[in-house]
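**Student:** I am attaching a structure below and will ask some questions about it afterwards.
Readers should treat all values here as calculations from the given coordinates under stated rules, not as data from a laboratory. Every value quoted in this text rests on a predicted model; they were computed, and no experiment measured them. Here the Cβ positions follow ideal geometry from the backbone for every residue, glycine too, while neighbour counts run over all protein chains shown.
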Amino acid sequence: NAGVMQNPRHLVRRRGQEARLRCSPMKGHSHVYWYRQLPEEGLKFMVYLQKENIIDESGMPKERFSAEFPKEGPSILRIQQVVRGDSAAYFCASSPSDRKQETQYFGPGTRLLVL
Amino acid sequence: GNSVTQMEGPVTLSEEAFLTINCTYTATGYPSLFWYVQYPGEGLQLLLKATKADDKGSNKGFEATYRKETTSFHLEKGSVQVSDSAVYFCALSDSNTGKLIFGQGTTLQVKP
């Protein structure tokens with residue numbers, strides 16, 4: 001039973017390039033959450049998606065960041081025109097529902113480094 | 001708004017010592033509470049959870065009790081091991097969307 005998969009595990013981009021991060025949830029899970037962990041900080045919620053719908057994007061920066069979770073395929077977090085401040089670890093988590101008592105299962109993360 | 005506060009680290013203990021990591025929260029409604037652990041270079045793993053007041057979550061010798069009256073969810077272990085060295089995160093879940101709100105994390109170092 002495969003867990004949450006993320007790729008790539010490490011991503012290096014130069015300022016101004018685009019970063020595309022992928023997340024495949026656990027089998028049977030249709031709820032995906034993205035979190036960002038800045039160096040020496042805790043995790044901050046970014047966006048919550050269900051299949052083909054963004055439910056809560058209150059933690060997403062207003063510009064350059066977007067997310068999707070299509071009917072088929074992985075969830076994608078896209079960062080356009082990256083800046084050095086985007087360097088962080090990006091984690092996705094999946095769960096079978098959005099009930100507050102539901103456990104979220106985390107992927108290994110994508111560590112983005114912007115040069 | 002909802003928030004979680006953890007004791008600052010790092011916490012350095014000798015093997016077999018008693019561990020307490022304090023966690024307090026502010027929330028509307030009745031959230032579920034979680035402890036996650038992160039080993040170097042890895043993602044987060046659920047350590048334990050409690051979904052209502054007075055519930056005790058436990059796993060691998062770790063325990064935490066959901067205290068509504070003190071809005072706390074302190075993590076304890078009676079005898080730590082070197083392999084427990086990691087970063088520990090306390091979190092609560094939003095009642096509407098289930099999104100997690102994390103504390104800042106506490107680094108635990110256990111020395112032999």
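**Student:** Could we say that residue B:77 is surrounded by 13 or more Cβ atoms within 10 Å (Cβ to Cβ) and either of a type outside the set (Lys, Arg) or away from chain A (no Cβ under 14 Å) (or both) here?
**Tutor:** When the stated conditions are applied, residue B:77 passes them.
**Student:** Ok, one more. What number of residues within region A:77-91 are in a loop (DSSP other than H, G, I, E, B), of a type outside the set (S, T, N, Q) and exposed (fewer than 15 other Cβ atoms within 10 Å of the Cβ)?
**Tutor:** 1
**Student:** How many residues does region B:2-32 hold that are part of a loop (DSSP other than H, G, I, E, B) and on the phi < 0 side of the Ramachandran plot?
**Tutor:** Residues in region B:2-32 being part of a loop (DSSP other than H, G, I, E, B) and on the phi < 0 side of the Ramachandran plot: 14 in total.
**Student:** Can you tell me which condition residue A:58 does not meet? The list is (1) more than 14 Å from chain B (Cβ to nearest Cβ); (2) exposed (fewer than 13 other Cβ atoms within 10 Å of the Cβ), and all the others hold.
**Tutor:** With respect to (1) more than 14 Å from chain B (Cβ to nearest Cβ); (2) exposed (fewer than 13 other Cβ atoms within 10 Å of the Cβ), residue A:58 is out only on (1).
Condition check ((1) in contact (Cβ under 8 Å) with a residue 40 or more places away in the chain; (2) of a type in the set (A, V, I, L, M); (3) surrounded by fewer than 20 Cβ atoms within 10 Å (Cβ to Cβ)) across all residues:
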{"residue": "B:50", "(1), (2), (3)": "no, yes, no"}
{"residue": "B:55", "(1), (2), (3)": "no, no, yes"}
{"residue": "B:60", "(1), (2), (3)": "no, no, yes"}
{"residue": "B:66", "(1), (2), (3)": "no, no, no"}
{"residue": "B:72", "(1), (2), (3)": "yes, no, yes"}
{"residue": "B:90", "(1), (2), (3)": "yes, no, no"}
{"residue": "B:98", "(1), (2), (3)": "no, no, no"}
{"residue": "B:102", "(1), (2), (3)": "yes, no, no"}
{"residue": "B:109", "(1), (2), (3)": "yes, no, yes"}
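The rows are residues; the columns are (1) touching a residue at least 40 places away in the same chain (Cβ under 8 Å); (2) within 14 Å of chain B (Cβ to nearest Cβ); (3) touching a strand residue (DSSP E or B) at 6+ places or on another chain (Cβ under 9 Å).
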{"residue": "A:64", "(1), (2), (3)": "no, no, yes"}
{"residue": "A:72", "(1), (2), (3)": "no, no, no"}
{"residue": "A:77", "(1), (2), (3)": "yes, no, yes"}
{"residue": "A:94", "(1), (2), (3)": "yes, yes, yes"}
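**Student:** Continuing with this model, one more query. Kindly provide the set of residues from region B:36-54 that are closer than 19 Å to residue A:7 by Cβ, within 7 Å of chain A (Cβ to nearest Cβ) and not charged (D, E, K, R), ordered by number.
**Tutor:** B:43, B:44
**Student:** Further, regarding this structure: Which of the strands (runs of 3 or more DSSP E) contained wholly in region A:22-76 include at least 2 residues that are touching a Cys at 6+ places or on another chain (Cβ under 9 Å)?
**Tutor:** By residue number, A:31-37.
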